[in-house]
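Here's the structure, in structure tokens; my notes come after.
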Protein chains: 4
Amino acid sequence: MSLHDHPSQPRTAAEKQAIINRLKRIEGQARGIQQMVEEDRYCIDILIQINAIQSALKQVGFSITERHIHHCINDAIQSGEGHEMIDELMNVLKQFSK
Amino acid sequence: MSLHDHPSQPRTAAEKQAIINRLKRIEGQARGIQQMVEEDRYCIDILIQINAIQSALKQVGFSITERHIHHCINDAIQSGEGHEMIDELMNVLKQFSK
Amino acid sequence: MSLHDHPSQPRTAAEKQAIINRLKRIEGQARGIQQMVEEDRYCIDILIQINAIQSALKQVGFSITERHIHHCINDAIQSGEGHEMIDELMNVLKQFSK
Amino acid sequence: MSLHDHPSQPRTAAEKQAIINRLKRIEGQARGIQQMVEEDRYCIDILIQINAIQSALKQVGFSITERHIHHCINDAIQSGEGHEMIDELMNVLKQFSK
């Protein structure tokens, strides 16, 4: 499905932790919404929370895309193998925007 | 922030369970991505999983919106109080599409 | 494809003019981008203009949706025929968010 | 606003024509919707046409982004000046997804 198993430059411990913290928060938000459904809370209040997760996920997606271009694609281009990896990225961006 | 504490017709136990199941799956996906980051997995594979959560959340959002219009807005309109609730919904939809 | 030929309450001349003005501006923007392509302008500058049209179209879409719910759906619900029309709207909103 | 006046490799006549044809179609669609508003056509039918323009514009945006990465960013990276241009692109993508 993808060209590689790992990014061309491993993420630092700090980078990993920053992403994991954001995902933990998203996980907590998903749990919070379950609670709201359990309590039969008002639809609009639930939708506002769903919007909040969507925004948070989009931020995570952007920061991973950003690093991917700055490192993996940058490295691939410098070693003359960029085009296949650019196509791979574009396919994911097209999915993302749906 | 919202006009009500609860939907105008309480969700049935089956309706609640269906939404909660979907949110549990989303929660599990968010945990799975943390694992992928931990293992320093390839950016594109992580982005594909983020896309998957986005789609799943969008589905949950639509089904809650759908029920909200069929029940809450429908009931409000029938008792002549629909317009304020329609404005409330539009505000959330505008946020959603960002 | 749709349930009706016209909105349940005809748009006023002022309402029509407001939407048409916005669409004329969008049409002009689409022409402007052709000019930019003709002059082989920088990709990013073209993308910024495409973003601008997308935002403008989204605004038009929202204002038509808003009026549709306040009038057509409101009227249909009051005469007890709302549900089919709500399903019709949801199908379009699902498309819209793609 | 942007780093350059032109793409690092000029678009061919055929490439320009392909994009301009798509934009002409979009311009025609925007004119068609004005006609529909003039005739007070049903909201949902208008929304379907707005969705169609949105999809068409998204396709144009993707194809310009794709060429930008394959050419401009590729060339900038090979001459060691990629990072600023990647940041520029990410800013536009973030806008695009709103």
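The values are calculated or read from the model by the stated rules, or taken from the named source; none is laboratory data. Bear in mind the structure is a predicted one, so any value in this text is a computation, not a measurement. FYI the Cβ positions are ideal-geometry reconstructions off the backbone, even for glycines, and counts take in every protein chain you see. Only protein heavy atoms, including side chains, enter the accessible area calculation; ligands, DNA and RNA are left aside. Shrake-Rupley method; radii C 1.70, N 1.55, O 1.52, S 1.80 Å.
So for segment A:3-13 (the condition being within 30 Å of B:Gln17 (Cβ to Cβ), surrounded by fewer than 17 Cβ atoms within 10 Å (Cβ to Cβ) and facing chain B (nearest Cβ under 7 Å)), does at least one residue qualify?
no
With the checklist (1) more than 7 Å from chain D (Cβ to nearest Cβ); (2) free of Cβ contacts under 8 Å to residues at least 12 places away in the same chain; (3) within 22 Å of B:Lys58 (Cα to Cα) in hand, flag the one item C:His70 doesn't pass.
Result: C:His70 fails condition (3) only.
Criterion first (at the interface with chain C (Cβ under 10 Å from one of its Cβ atoms) and open to solvent by 40 Å² or more (accessible area, probe 1.4 Å)) does D:Ser97 satisfy it?
In short, no.
What number of residues in segment D:77-90 are closer than 26 Å to A:Gln59 by Cβ and open to solvent by 10 Å² or more (accessible area, probe 1.4 Å)?
Adding up the residues that qualify gives 5.
Would you please name the residue that is farthest from B:Glu66 (Cα to Cα), looking only at residues in segment A:36-53 that are surrounded by fewer than 20 Cβ atoms within 10 Å (Cβ to Cβ) and under 24 Å from the mean Cα position of the chain (by Cα)?
Taking the candidates together, the pick is A:Ala52.
Going through segment C:25-35 one residue at a time, which ones are open to solvent by 70 Å² or more (accessible area, probe 1.4 Å) and either within 7 Å of another protein chain (Cβ to nearest Cβ) or more than 22 Å from C:Gln59 (Cα to Cα) (or both)?
Scanning segment C:25-35 gives C:Arg31, C:Gln35.
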